[in-house]
Amino acid sequence: MLKGSKVGLRARHEEDIPILQAELYDDVVTHSRANSRPWRPITPGSTESQLLVDDREQGHVPFSVVELDGGTLVGNAVLWGIDNHSRSAHIGLAMRPSSRGKGYGTDVVAVLCHYGFVVRGLQRLQIETLSDNAAMLRSAERNGFVREGVLRSSAWVMGEFLDEVLLGLLVQDWKPDSKG
């Protein structure tokens, strides 16, 4: 397990899937705001669930996020779009509704940075988030990410196009203790 100050990132366990499915995937608005793919109903236990892990997939590394105190599942996190040639990847995370507003997101971003830069040897990490996602913007910036631009009307979310903010962090600018 990779550990931050509040959370740990570990492999996805089978018992995590129904919880994450019910609280993050089955909530149409939450899923639509967090994912570029359109929501569609998935039968519980289906092999089509986006939450299932294919351990052979090298460009997509999903984690379950757990509290260090007690091990409660609080969300999921992912390093995706891993490009071993350019040594870059994207960060994504989603917290369960009961776990939001507790500072876990900032800690998750810090642990993903450690994983990307130290464990994987990457040069650049990138985050794309909706421009009104104050929690993600705050978590990213507390970890040293810099706003690099706005992708105007780039996300189709629940019947409207929304702007996305593009944030980046280079390994040489990363400060492991910058979470604030």
Highest mean first, what order results for 54-64, 109-119, 142-152 on Cβ atoms within 10 Å? 109-119, 142-152, 54-64
What does the extension gain come out to for L166 and T43, with contour length at 0.36 nm per residue minus their alpha carbon separation? 41.0 nm
If the cut-off is a Cα-Cα distance under 15 Å, which aspartates and glutamates reach K102, setting aside same-chain residues fewer than 8 apart in sequence? E67, D69
Bin by bin, in steps of 5 Å, what percent of the Cα pairs in the chain do you find, going until the bin that has the longest distance? 1, 8, 17, 21, 22, 17, 10, 3, 0
So for R0 = 22 Å, FRET eff. of L2-V29 from the Cβ-Cβ r, to 0.05, ends up at 0.15
Pop out the carbon and sulfur fraction of the accessible area of the chain as a percent, whole number, probe 1.4 Å. 51
Rolling a 1.4 angstrom probe over the protein heavy atoms, how many square angstrom per residue are accessible across the chain? 54
The stretch 1-106 shape via C-alpha gyration tensor axes, a/c threshold 1.5: rounded
Can you tell which of M158, M95, M136 shows the greatest fluctuation in a Gaussian network model of the chain with Cα springs below 10 Å? M158
Determine which aspartates and glutamates satisfy two conditions relative to K175: a Cα distance under 17 Å, and not lying fewer than 8 residues away in the same chain. D107, E141
Shape of the stretch 81-180, Cα gyration tensor, a/c cut at 1.5: oblate
How high is the relative contact order of the stretch 2-173? Use alpha-carbon pairs under 8 Å, at least six apart in sequence, and give a whole percent. 20
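The values are calculated or read from the model by the stated rules, or taken from the named source; none is laboratory data. Nothing here was measured: the structure is a model prediction, and the numbers come from that model. Glycine also receives a Cβ, built like all others from the backbone with ideal geometry; neighbour counts cover every protein chain displayed. Protein only, heavy atoms only, side chains kept; ligands, DNA and RNA dropped before computing areas. Shrake-Rupley method; radii C 1.70, N 1.55, O 1.52, S 1.80 Å.
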